[in-house]
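Participant: My questions will all concern the structure given below.
The values are calculated or read from the model by the stated rules, or taken from the named source; none is laboratory data. This is a predicted model, so every value here is computed, not measured. With ideal geometry, Cβ positions are generated from the backbone for all residues, glycine too; neighbour counts draw on all protein chains shown. Surface areas here come from the heavy atoms of the whole protein model, side chains and all, with no ligands, DNA or RNA. Shrake-Rupley method; radii C 1.70, N 1.55, O 1.52, S 1.80 Å.
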Amino acid sequence: MSFEEALARCAAETEILLDALLPPGGFPARRVTEAMRYAALGPGKRLRPFLVVESAALFGVPRQRALRVGAALECVHCYSLVHDDLPAMDDDDLRRGRPTTHKAFDEATAILAGDALLTYAFEILGSPETHPSPEVRLRLVTGLARAAGVAGMVAGQMLDIEAEAGHAGTLTSITTIQSLKTGALFSYACEAGAVLGEGDPAPLRQYAERIGLAFQIADDILDVESTPEALGKATQKDSGMGKATFVDLLGLDGARARAAALVSEAIASLAPYGARAEILADAARFIVSRRK
């Protein structure tokens, strides 16, 4: 199976699982559950669940267990997008080619839907269906809490807000921001596969750190070269708010070279797994060649 086929298969399986796991529209607070489903279902590459599934496959983990962890992670990712799009944050009207959740519903509902997606992720991870071992489930829960919280994604978002107009950015500062804001969930996705398989997560951690940074550099390049129609979201928002990007600091050619070097380093990190990790190597290449 090619990388594209494997990614599409995982995206379809994740969509089916999320549809089954998420509360139905008729749940007690109908409007918020509808907003949760709007935010989490539909268009999306589902790259983070894919990384969970393929990392777990290196350790012989049953696919359904990995998909459940991927679905929980996708709930956290979608919550972060809902909140990032709010007027108090990035103030975006378009996400994945559709109106953002606060535009489709309202701001209060969007906030609550994001809160609900975040907390629901831990309910999924805590279920024995995710893994029979309480110790493994505890490691999955605490790992995601760390990656999503004040030591990870939330910290990155706060630093990103502080980097708006009037705050000069350096290569070190934006690398730190993106390693937290974007990279923390990538690292969790790959390490979770090893946790599920009760194996050593170190090589996958190194791989994830590099692809997480390469992903953000590729995003900065697309922000300059693409269009809102092609990306399904607004472009050049960071420059409009005075925030430095990798393209600002490295130039387009320098940013491309840095992303390519990170991909090479990521692929080298997979050496302990041999040919079994080829699809993860293809994922690293995809991250810098994607068009949206």
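Participant: Does Gly156 meet the test of being open to solvent by less than 40 Å² (accessible area, probe 1.4 Å), under 23 Å from Leu250 (Cα atoms), not acidic (Asp, Glu) and not in a helix (DSSP H, G or I)?
Facilitator: no
Participant: In the stretch 110-134, what count of residues is obtained for those that are assigned to a helix (DSSP H, G or I) and in contact (Cβ under 8 Å) with a residue 12 or more places away in the chain?
Facilitator: Matching residues across the stretch 110-134 total 15.
Participant: Could you please tell me which pairs satisfy a Cβ distance under 6 Å, a separation of 6+ or placement on different chains, a first residue in the stretch 1-16 that is of a type in the set (Asp, Glu), and a second residue that is assigned to a helix (DSSP H, G or I) and open to solvent by less than 100 Å² (accessible area, probe 1.4 Å)?
Facilitator: Pairs found: Glu13/Leu67.
Participant: Any residue that is of a type in the set (A, V, I, L, M, F, W, C), modelled with pLDDT of 95 or more and under 27 Å from Glu13 (Cα atoms) - is there at least one of those in the stretch 154-165? Before the answer, list the steps.
Facilitator: Applying the first criterion (of a type in the set (A, V, I, L, M, F, W, C)) to the stretch 154-165 yields 154-155, 158-159, 161, 163, 165.
Filter once more, so that each one left must be modelled with pLDDT of 95 or more: 154-155.
After this cut, where a residue has to be under 27 Å from Glu13 (Cα atoms) as well, the list is none.
No, there is no match, as no residue in the stretch 154-165 is of a type in the set (A, V, I, L, M, F, W, C), modelled with pLDDT of 95 or more and under 27 Å from Glu13 (Cα atoms).
Matching residues to (1) touching a Lys or Arg at 6+ places or on another chain (Cβ under 9 Å); (2) of a type in the set (Phe, Trp, Tyr); (3) touching a residue at least 12 places away in the same chain (Cβ under 8 Å); (4) at positive phi:
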residue	(1), (2), (3), (4)
Leu159	yes, no, yes, no
Thr172	no, no, no, no
Thr175	no, no, yes, no
Ala184	yes, no, yes, no
Ser187	yes, no, yes, no
Glu191	yes, no, yes, no
Val195	yes, no, yes, no
Leu204	no, no, yes, no
Leu213	yes, no, yes, no
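Participant: In the stretch 9-29, is there at least one residue being of a type in the set (Gly, Ala, Ser) and open to solvent by less than 10 Å² (accessible area, probe 1.4 Å)?
Facilitator: Taking every residue of the stretch 9-29 in turn, none turns out to be of a type in the set (Gly, Ala, Ser) and open to solvent by less than 10 Å² (accessible area, probe 1.4 Å).
Participant: Scan the stretch 133-153 residue by residue and report those that are under 15 Å from Ala192 (Cα atoms) and open to solvent by 70 Å² or more (accessible area, probe 1.4 Å).
Facilitator: Pro134, Glu135, Leu138, Arg139, Arg146 - these are the residues of the stretch 133-153 that are under 15 Å from Ala192 (Cα atoms) and open to solvent by 70 Å² or more (accessible area, probe 1.4 Å).
Participant: Scan the stretch 162-177 and give yes if some residue there is of a type in the set (Asp, Glu) and over 27 Å from Arg65 (Cα atoms), otherwise no.
Facilitator: yes
Participant: Can I ask one more? What are the residues in the stretch 265-292 that are within 19 Å of Asp220 (Cα to Cα) and open to solvent by 70 Å² or more (accessible area, probe 1.4 Å), if any?
Facilitator: Of the stretch 265-292, the ones within 19 Å of Asp220 (Cα to Cα) are 283-292.
Correct list: Arg285, Ser289, Arg291, Lys292.
Participant: Further question: Within the stretch 43-57, does at least one residue satisfy the condition of being open to solvent by 10 Å² or more (accessible area, probe 1.4 Å), farther than 21 Å from Ile211 by Cβ and not small (Gly, Ala, Ser)?
Facilitator: yes
Participant: So, of the residues in the stretch 60-76 that are out of contact with any Leu (no Cβ under 8 Å at 6 or more places or on another chain) and over 16 Å from Ile16 (Cβ atoms), which turns out to be surrounded by the fewest Cβ atoms within 10 Å (Cβ to Cβ)?
Facilitator: It comes out as Gly60.
Participant: Still on this structure, please answer the following. Return the residues of the stretch 109-130 that are open to solvent by 10 Å² or more (accessible area, probe 1.4 Å) and under 20 Å from Leu17 (Cβ atoms); say none if nothing qualifies.
Facilitator: The answer is Ala116, Leu118, Thr119, Tyr120, Phe122, Glu123, Gly126, Ser127, Pro128, Glu129.
Participant: Considering only residues that are open to solvent by 50 Å² or more (accessible area, probe 1.4 Å) and part of a helix (DSSP H, G or I), look in the stretch 91-108 and name the one that is farthest from Val154 (Cα to Cα).
Facilitator: The qualifying residue farthest from Val154 (Cα to Cα) is Lys103.
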